[in-house]
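Structure record follows, encoded as structure tokens.
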Amino acid sequence: MRRPKSVRLSVSKAVREQVDGDSLLQEALARDIVNISAVARSLRPALKSRVGKEVSEQAIITSLKRIKGVYGRRTLGYLKVLANSTIDVKTDLAKISVTANAKTASKIRSLAFTSYDSFIQISSSPHAYTLVFEQALYGSVREEFDEGSIMEAKTDLAALILHSPEEIVETPGCVAAIYNQIARAGINIEDTLSNHTDTIIVVSMDDAVRAFTALTNLVSEARREGGQKE
């Protein structure tokens with residue numbers, strides 16, 4: 001959405017808005033692992049568009065240095081949460097997504113009631129319901145639904161479950177850091193759910209070990225940088 005020409009945006013505010021939209025850059029600034037001059041040069045074209053005039057590299061650098069502390073405090077906050085998180089892995093899972101309607105909702109309620117301990121997650125949206133459950137139930141669960149209502153069905157999946165302290169509910173950046181770590185490892189997330197203090201990430205069995213390693217490294221790094229014990 002373009003701003004009205006009559007509304008002038010200051011350089012410092014434009015820089016803040018630009019960095020607010022880039023979690024990786026925020027982390028790099030907070031940890032002081034990026035060349036600020038290089039960042040300023042890369043941001044300059046976008047900032048010119050935001051401000052509506054040429055912006056000097058030095059003005060951008062000054063603004064970046066001014067806001068580094070803000071992201072440092074944010075980073076410390078989510079590092080403390082991740083440092084106190086633990087990871088469980090559940091293998092041999094399957095997933096079925098079905099069209100959301102009264103009939104499928106009734107079927108899901110019945111399945112959840114009779115096989116509660118076998119389900120890892122049940123999530124819903126206005127258009128679909130997704131069930132992740134023990135693969136041993138795949139055949140019987142699939143038979144409960146009309147083929148026309150099944151949108152997606154997969155087997156050979158695994159779930160990584162991060163158990164975090166209650167502070168995760170009110171601490172920005174925690175879930176983003178988790179997803180970014182998985183993305184950096186080049187792993188596709190098959191399904192995901194954030195449920196109070198648990199973050200559940202479903203991946204293929206082939207990616208389970210790499211995903212577990214990536215998240216373990218994230219927690220270990222958070223413990224080092226957050227001053228927590230290994």
- Query: Once amide H atoms are built 1.01 Å from N in the peptide plane, which residues 5 or more positions from Gln121, or in another chain, come under 5 Å H to H?
  - Reply: Val132
- Note on the structure: The relative contact order of segment 11-79, taking Cα pairs under 8 Å that sit 6 or more residues apart, comes to a percentage of 46
- Listed by chain and number, the lysines with an alpha carbon less than 22 angstrom from that of Lys103, same-chain partners under 8 positions apart left out, are Lys95, Lys154
- Helix-only [θ] at 222 nm, the chain, -39500 (n - 2.57) per DSSP H run of 4+, per residue, nearest 500, equals -15000 deg cm²/dmol
- Using the number of other C-beta atoms within 10 angstrom as an exposure proxy, rank Phe113, Phe145, Phe212 with the fewest first. Phe113, Phe212, Phe145
- Which order results if Glu57, Glu190, Glu144 are arranged by neighbouring Cβ count within 10 Å, fewest first? Glu57, Glu144, Glu190
- Whole-Hz Karplus couplings 3J(HN,Hα) for segment 195-210, θ = phi - 60° and coefficients 6.51, -1.76, 1.60, Gly and Pro as x, run 10, 6, 9, 9, 10, 10, 10, 9, 10, 6, 4, 5, 9, 4, 5, 5
- Message: Only four residue types carry charge here, +1 at the Cβ of Lys and Arg and -1 at the Cβ of Asp and Glu. Report the dipole size of the chain about the Cα centre in Debye, rounded to the nearest 20.
- Response: 1940
- Note on the structure: Long-range alpha-carbon pairs in the chain, meaning those over 22 Å apart, account in percent for 62
- Task: Find the relative contact order for the chain and round it to a whole percent, using C-alpha pairs within less than 8 Å whose residues are 6+ positions apart.
- Result: 22
- Return the lysines within reach of Lys48: Cα separation strictly under 18 angstrom, same-chain partners fewer than 8 residues apart disregarded; answer none if there are no such residues. Lys5, Lys13
- Message: Cross-link candidates for Lys80: which lysines have Cα within less than 28 Å, leaving aside residues fewer than 8 places away along the same chain?
- Response: Lys65, Lys68, Lys90, Lys229
- Output for segment 11-79 (equivalent-ellipsoid semi-axes, sqrt of 5λ from the C-alpha gyration tensor, Å, descending) is 21, 11, 9
- Item | Mean separation of Cα contacts under 8 Å, 6 or more apart, over the residue count of segment 126-230: relative contact order % | 27
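How big is the shadow of the Cα convex hull of segment 58-109, averaged over all directions, in nm²?
Values: hull surface 34.3 nm².
Value for segment 58-109: 8.6 nm².
No lab work stands behind these numbers, since they all come straight from the coordinates. Treat the numbers as computed from the prediction; the structure is a model and nothing was measured. Here the Cβ is made from the backbone with ideal geometry for all residues, glycine too, and neighbour counts use every protein chain on show.
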